[in-house]
1. In debye, nearest 20, what is the charge dipole magnitude of region 34-164 about its Cα centre with +1 on Lys and Arg Cβ and -1 on Asp and Glu Cβ, if you could check?
2. Calculate what fraction, in whole %, of the accessible area of region 64-174 sits on carbon and sulfur atoms when a 1.4 Å probe is rolled over the protein chains.
3. Compute the accessible area per residue over region 55-209, keeping the other protein chains in place, probe 1.4 Å, unit Å².
4. Give me, ordered by chain and number, the residues 5 or more places off Gly163 or on other chains with an amide H under 5 Å from its own placed amide H.
5. Which whole-Hz ³J(HN,Hα) couplings does region 166-171 yield from phi under the Karplus relation 6.51 cos²θ - 1.76 cosθ + 1.60, θ = phi - 60°, glycine and proline marked x?
6. Once both labels are modelled 7 Å past Cα along the beta-carbon direction, what's the Ala161-Thr105 spacing in nm?
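The values are calculated or read from the model by the stated rules, or taken from the named source; none is laboratory data. All figures in this text were calculated on a predicted structure; none of them were measured in a lab. For neighbour counting, all protein chains shown are included, and Cβ atoms are generated from backbone atoms with ideal geometry for every residue, glycine included. These accessible areas exclude ligands, DNA and RNA; they are computed on the full protein's heavy atoms, side chains included. Shrake-Rupley method; radii C 1.70, N 1.55, O 1.52, S 1.80 Å.
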Amino acid sequence: MRTHPVTALARSVPALALIACLVVACTGDPVAQVTDLRAIVPMSDDAPDDLRYAGRLSGPADLEAFRGDPEGREAMRAAGFRSAWTSLFASPDLLAFFTLSEPNTDPPEDARLVTASAVLFADADGATSALATFEEEATDGMRDPLRGLEPVPGGFALAGARGGQPVTATGSVAGEIVVLVQTQGSVPPATADAMLAGMHDAAITETAS
């Protein structure tokens, strides 16, 4: 059986392990309330410069798909997880790797990847608890993590390295929705900051509607 391309990439580049959990989840079936979450995450028209939207690796996820690991799944269940939606943007060489590479091969050294996720919880308390979990997970395996000025008050912003590649992770909470942006490779920090701020504003609009 052919290994899922994102899973193969995560195995060869530890920095993408958490991202792979999110992206592989997007092959799941549609779940309740994903229409609202889809309105929050960036789509093909919002692709950052020189990156392409990976439609086949983007989409909705239920809990089983969103978190493959039992411990993470239990943490999300305890926080009141309802549904998630993730959009993936990748450099052209990385998209080619996803599609054409042989199993267990290494990805391009200069690959760039951005994932943007909106995650719905039962209430604001659960979302706030989950945000702390996501922040803790983002630092796992990150070399020399630095905390920056969060793009949204009450959120988090981290920068460091994994597997010799620069990585960033940002997140915030708006009501019962957590929004997350993670990058791998030479992606300008301003790209993630602007994406998260836009998602946060969209999440506020959705929770107010």
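1. Details: 11 positive and 23 negative charges, 45 e Å.
Value, rounded to 20: 220 debye.
2. Values: 2580 of 5060 Å².
Answer for region 64-174 is 51 percent, counting heavy atoms of protein chains only.
3. On the way: 6830 Å² over 155 residues.
Normalised by residue count, the accessible surface of region 55-209 is 44 Å².
4. Ala15
5. Per residue, the Karplus-derived 3J(HN,Hα) values read x, 9, 9, 8, 9, x Hz.
6. Each label point is offset 7 Å from its Cα along the Cβ direction, giving 2.7 nm.
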